[in-house]
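Okay, so here's the structure we're looking at.
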Amino acid sequence: MLSFIVRRVASLVPVLLIVSLMVFTIFRMIPGDPVDAFLGMEQDPQVRSTLRTQFGLDKPLPVQYLYWLNNILHGNLGKSLSVQKNVLQLLSEKIPNTIYLACSSIFVSILIAVPAGIVAATRRKKPEDYAAMTFALLGISIPGFWLGIMFILIFSLYLGWFPSMGFVSPFEDPLRSLWHLALPAFSLGWLQAAILTRLTRSSMLDVLSREYVRTARAQGHPEGRVVFRYALKNALIPVVTVVGLRLAALLGGTIVIEQIFSWPGVGLLLLQGIYARDYPLVQGAVLIIAVGFVLINLLVDMAYQLIDPRIRIS
Amino acid sequence: MRFPRKLCRLLLAIFFVAAFPVLPQAQTPQMGGKLILGMRMDPPAMDPHRDQFSEQFKRFSFLYNGLLDYDKEGHLVPSLATSWKYSADQKELTLKLRPGVKFHNGKELKGGDVKYSLDRVRDKKTASPLIRDFSSIQDVQVVDDATVKIILKEVYSPFLSKLTLYYCSIIPAGTEAKEGTPPPGTGPFQFIEHKMNDYMKLKKFPQYWEKGLPYVDEIIFKPIVEDTVRYTALRTGEIHWANTIPFPDVERALKNPPKDVVVQEGPTQSVFYFILNSTKPPFNNFKVRQAIALALDKKEIVAGAVWGRGEVADQAFGKAHPYHLPVKPQDQDLNKARALLSEAGFSKGFKVTLPALTAHSLLLEMAKIAQAQLKKVGIEVELQLLDGAAFNQQVLVKKDFSITTMGDAGETRNDFDDAYYRAFFSTSPYNFARYSNPAVDGWLQEGRRTFDLEKRKKIYTQVMDQVNQDAPVIYAIIRTIPYAWRTSLKGWEPNATSALCYSGGGFSRAWLER
């Protein structure tokens, strides 16, 4: 187990090198540079050349890359060109907020999707199944921004149950924090739940048709035991894989929901970085997200063993 | 005969009620409270001499003062300088500084701070995008602690406008912006902290030079990108003031404002226009440019792009502004446009690409409406959607475009010269249309040497009549801003330059009723 973890963590090195080279190259291929973005309408030639030197854009691209790489090896992701703050400091402010929102929304989606998927599978072609599938279809079809705004209008403006926007740190005031988290977490969780409900249902249907389930039923085990003890565990393997992938994807930013609910996460920062062509900020953020992606997948692989002891990771 | 006493009293009461029916109770401002302002975005970095986006300017007006300022109507008035005087040759400007002004770091304002600020904004290393606006300065001299002399290279009548907050906020000598923290200023509020995309917090500066001001203790700028969400947050009472509400809601909100909310349109200097590259065929032919100007229906553009919340523009300043000019009107005339196109050899029309900025929905809407309107005279417009940096590189730097839509909020466009010399003088780097007309160049230079406002108005009216005829730029919209605020917020009203704190008004005089 330990050697598995060490190997997976070590695999980060080539992954990050490739990611760093890709993000560096691709981002510079987009038309427009930080100086174009920074100066807006005031494109004074004299100021342009000063800024190019200050931003280090006057050096050849390979030199810029190696300089950046050297800084990373020294634990320095550089200074954001647009925000004028240390990139690591900025990301360390925003990434926890995104993790908080992403994990909460995944939690909400599991709370909705797993029971709904089980009910839909065990009550196949019954009204409960149709209701769950209609919910899933609606969830997949409704755009996130529309759902977010509808939640705000209904639960904030008309019912006054939740605030319409903003973020409060859970360390500052846990209850108020949850109150502010509710709408964004449910908006995002609803969309994830739609996908997971369909997946849980189909996975459960597959497992419920297996011979060992038929045997368990033939032995006279109660249906609840058959479903929850024998079928559900096996059915959850693909669900856990998708949950892991969704969570990793959400870490890359939940831009739409962050924007609607004024949630100061990494997605919004990354978007602003892209608009500002803030090379150090975007490159740093993508690297950190890549690390997160690899680590979450490692956790998912470890979770398999907990669910099904037959799976050995080595 | 004696009137009964009761009748006398009744008549007296009726007289007073009739004579003074709606005398409002004078409201005494209440001190204290936390004022939360819903903003459209959260600008990064805060160096008043280097950062120049509209949302940054809005915050600077809380923190800083210029030597001069604009009042509610947009007239130049004293601020940190109480008086000024030009020398006989009009090349030396001597300014007297306001006594007893303190910076947020406790230091007293002296001539050296003014010199430092003006030198810093002119220094190439600062990389101020406005450096060119100070190229007329030869030297800044400190006469004594309370007097500063600015020596100009040549006579330059718009110079006073460059001494306002948006061009050169006054900061203490030796200070810099560090890690996103702005340098100290002399404004009514001082900076506390900024959490990017979360909030910016300011607190009342107790030693502010306008005694008794400001009234509120704390200001929170809350960035809420979506107009609908910002308006909802206002209606639920989560914020006290919203910088614009959604255009589709304005009409209804003005007639029937939501409970506990005031909605009011404020004037702005935000102008939106088309730029035609006069060096690129077919727009190098002035008849084609003129045809475009005649083919556009500006009333429809205002109605469509800003839901009618603004006025049709034929110049850079709106009707309420002191610099509005009586230029010759020009209405849509499709037949004349078609005739001009035929004369230019384009009787069957032509195809053209319009780079449009996707980040600004108003500019994109303008482009779409123009696309439909120009089709009527046979011009096929293809939209090329670009984000800010790509647009700036292609259009503003490389000038690789034929026609485009552009606009600006106008904080640094307070004089005729800012608006027209920059845009139309043949060698100006901001002449994106690459327009060149020796007569216009001559008038623009004359405008720089003329101080009398009425004479200047005549000069710039000539400029604009000629420009409107040559059509390198076709002004289309001057928009208003639909502000909304809670009824508990008192004493705030918009000004002509859309500044949030200004001389005699704004948030330094706003207070919360509790």
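Worth a mention:
- At full extension, B:Q207 and B:L385 could sit 59.1 nm farther apart than now, given 0.36 nm per residue minus the alpha carbon distance.
- 0 to 90° range, to nearest 10: angle between helix B:286-295 axis and chain B longest Cα axis: 50 degrees
- Nearest 10 degrees, 0 to 90: helix A:232-251 Cα axis against chain A principal axis: 20 degrees
- Whether the stretch A:2-73 is rounded, prolate or oblate, judged on the alpha carbon gyration tensor where a/c under 1.5 counts as rounded: prolate
- Karplus 3J(HN,Hα) series, Hz, for the stretch B:438-448 with 6.51 cos²θ - 1.76 cosθ + 1.60 (x for Gly, Pro): x, 5, 5, 4, x, 5, 5, 6, 4, x, 5
- Between B:H324 and A:F145, the distance separating the two model label sites (each 7 Å from Cα on the Cα→Cβ line) works out to 3.5 nm.
- Cα gyration tensor shape for chain B, rounded if a/c is under 1.5, else prolate or oblate: oblate
- Protein accessible area in the protein assembly as shown, 1.4 Å probe - carbon and sulfur %: 60 percent
- The B:D400 and A:L153 beta-carbon pair, evaluated with R₀ = 25 Å, returns a calculated FRET efficiency of approximately 0.05.
- Summing charges over neighbours of A:Q46, with a neighbour being any other residue whose Cβ is under 10 Å away from its Cβ, gives +2 when K and R count +1 and D and E count -1.
- Per-residue ellipticity at 222 nm computed for chain B from its helices equals -8000 deg cm²/dmol, with DSSP H segments shorter than 4 residues left out and the rest contributing -39,500 (n - 2.57).
- Within the same chain, lysines fewer than 8 places from B:K125 are excluded, and of the rest, those with a Cα less than 21 Å from its Cα are A:K59, A:K79, A:K85, B:K115, B:K162, B:K178.
- Residues in the stretch B:54-93 that a label on B:I151 would reach, taking backbone N under 19 Å of a point 7 Å out along Cα→Cβ: B:85-93
- Taking a ≥ b ≥ c as the square roots of the eigenvalues of the Cα gyration tensor, an a/c ratio of 1.5 or more together with a/b no larger than b/c marks the stretch A:93-147 as oblate.
- When each of B:K195/B:K255; B:K336/B:K368; B:K124/B:K398; B:K102/B:K458; B:K34/B:K259 is checked by Cα-Cα distance, pairs over 32 Å: B:K195/B:K255; B:K102/B:K458
- Over 28 Å [Cα-Cα, the stretch A:88-307], rounded percent: 38 percent
- Total accessible surface hidden between A and B, rounded to 100 Å², 1.4 Å probe: 4200 Å²
- Karplus (6.51, -1.76, 1.60) ³J(HN,Hα), θ = phi - 60°, over the stretch A:84-100, in Hz, Gly and Pro reported as x: 6, 10, 4, 4, 4, 5, 4, 5, 5, 6, 8, 4, x, 5, 6, 4, 4
- Extension gain for B:K85 to B:E343 (0.36 nm times residue separation, less C-alpha to C-alpha distance): 87.5 nm.
- For the protein assembly as shown, the per residue solvent-accessible surface stands at 43 Å², with DNA, RNA and ligands left out and a 1.4 Å probe.
- Shielding of B:234-240 by partner chains, average beta-carbon count, 10 Å: 3
- Helix axis angle, B:334-343 relative to chain B longest principal axis, alpha carbon, degrees: 40 degrees
- Of the trypsin sites (Lys or Arg not before Pro) found in the stretch B:178-255, the ones in coil according to DSSP and having at most 15 other Cβ atoms within 10 Å of their Cβ are B:K211.
- Distance between the 7 Å Cα→Cβ label points at A:S11 and B:K375: 5.4 nm.
- Reachable aspartates and glutamates, given that their alpha-carbon falls under 19 Å from the alpha-carbon of A:K126 and they are not under 8 places away in the same chain: A:D206, A:E223
- D_trans [Stokes-Einstein, Kirkwood Rh over alpha-carbon pairs] for the protein assembly as shown, 4 °C, 1.567 mPa s, µm² s⁻¹: 43 µm²/s
- Full-stretch length increase - B:T487, B:T353 - with 0.36 nm per residue and alpha-carbon distance subtracted: 43.5 nm
- If R0 equals 60 Å, the separation of the Cβ atoms of B:N284 and A:Y130 corresponds to a calculated FRET efficiency of about 0.35.
- For chain A, modelled as a GNM whose springs connect Cα atoms under 10 angstrom apart, the maximal fluctuation among A:Q283, A:Q192, A:Q84 occurs at A:Q84.
- Projecting label points 7 angstrom from Cα along Cα→Cβ for A:H221 and B:K455 puts them 10.1 nm apart.
The values are calculated or read from the model by the stated rules, or taken from the named source; none is laboratory data. Since this is a predicted model, take the numbers as computed values, not measurements. All Cβ positions, even for glycine, are placed from backbone atoms using ideal geometry, and neighbour counts span all protein chains on display. Just the protein is used for accessible areas: all its heavy atoms, side chains included, with ligands, DNA and RNA removed. Shrake-Rupley method; radii C 1.70, N 1.55, O 1.52, S 1.80 Å.
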